[in-house]
Amino acid sequence: PRTGAPGQIGFPIASGCRCLIVFRPMSGTPPTENAPLTDAQVRRGMVVNVAAGCLGLVFIAAALGFPATLLLESLNASGKQIGLLSSIQHLALAVQIPVAWFVGHLARRKRFWFVTVLVHRLLWCLPGLLPFCFTDPADAIPWILVAVGVSTLFDKASSPPWLSWMTDLVPERVSGRF
């Protein structure tokens with residue numbers, strides 16, 4: 001990493017390109033990205049959160065449950081490979097600890113959350129497409145596991161910024177009921 005201006009770190013990501021991450025010094029209060037919200041904005045944000053949560057649960061049921069296991073079974077995956085598919089979800093939880101620290105230093109949590117969720121969801125296209133990329137579809141099994149693993153890491157990395165964001169959004173007086 002190369003440091004730029006104070007509070008910035010640049011990482012080379014390709015020849016001539018750099019990824020710039022902007023940090024804010026930690027203070028006693030969590031970082032906020034906007035001025036305080038009105039009650040109407042908070043209510044709307046909570047309704048949108050519930051709708052987004054419902055769509056997320058549909059995605060989880062459709063992609064992360066039996067369909068992935070059935071795909072591997074149809075490709076004649078071994079029991080170990082199917083077990084690894086199931087274990088990946090739990091092993092990837094460990095990424096939340098460093099991500100929570102990292103997010104606490106970010107100037108913009110929403111952008112980080114959006115990118116991690118977008119990459120996670122886009123990577124879920126790969127397991128269904130990979131068998132068509134090999135002459136023997138069973139050769140796609142290791143690549144499917146890699147795609148699911150990387151996707152799951154991005155999924156788990158999206159939780160800390162989301163929870164932090166919701167902590168800022170939901171007023172304390174209703175947080176226990178929301």
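Taking into account only those residues within region 98-116 that are open to solvent by less than 30 Å² (accessible area, probe 1.4 Å) and β-branched (Val, Ile, Thr), which is nearest to the chain's Cα centre (by Cα)?
THR116
Where the second residue is outside any helix (DSSP H, G or I) and of a type outside the set (S, T, N, Q) and the first is under 17 Å from LEU75 (Cβ atoms) and touching a residue at least 24 places away in the same chain (Cβ under 8 Å) and lies in region 134-156, which pairs have Cβ atoms under 6 Å and are six or more apart or on separate chains?
PRO137/LEU75; ALA138/LEU75; ALA140/PHE134; ILE141/LEU75; ILE141/ALA77
Report every pair of residues separated by at least 6 positions or lying on different chains whose Cβ atoms are under 7 Å apart, first residue within region 109-125 and within 16 Å of LEU57 (Cα to Cα), second outside any helix (DSSP H, G or I) and open to solvent by less than 70 Å² (accessible area, probe 1.4 Å).
That search, which allows pairs on different chains as well, returns VAL117/SER158; HIS120/SER158.
Yes/no per residue for (1) at pLDDT 90 or above; (2) over 19 Å from the mean Cα position of the chain (by Cα); (3) open to solvent by 50 Å² or more (accessible area, probe 1.4 Å); (4) among the aliphatic types (A, V, I, L, M):
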site	(1), (2), (3), (4)
GLY149	yes, no, no, no
LYS156	yes, no, no, no
LEU163	no, no, yes, yes
THR167	no, no, yes, no
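So LYS80 passes all but one of these: (1) surrounded by 11 or more Cβ atoms within 10 Å (Cβ to Cβ); (2) at pLDDT 90 or above. Which condition number does it fail?
(1)
The values are calculated or read from the model by the stated rules, or taken from the named source; none is laboratory data. Please read these numbers as outputs of a predicted model, since none were measured by experiment. So basically every Cβ, Gly included, is an ideal-geometry build from the backbone, and we count neighbours across all protein chains shown. When the accessible area is computed, the model is the full protein with side chains, heavy atoms only, and any ligands, DNA or RNA have been set aside. Shrake-Rupley method; radii C 1.70, N 1.55, O 1.52, S 1.80 Å.
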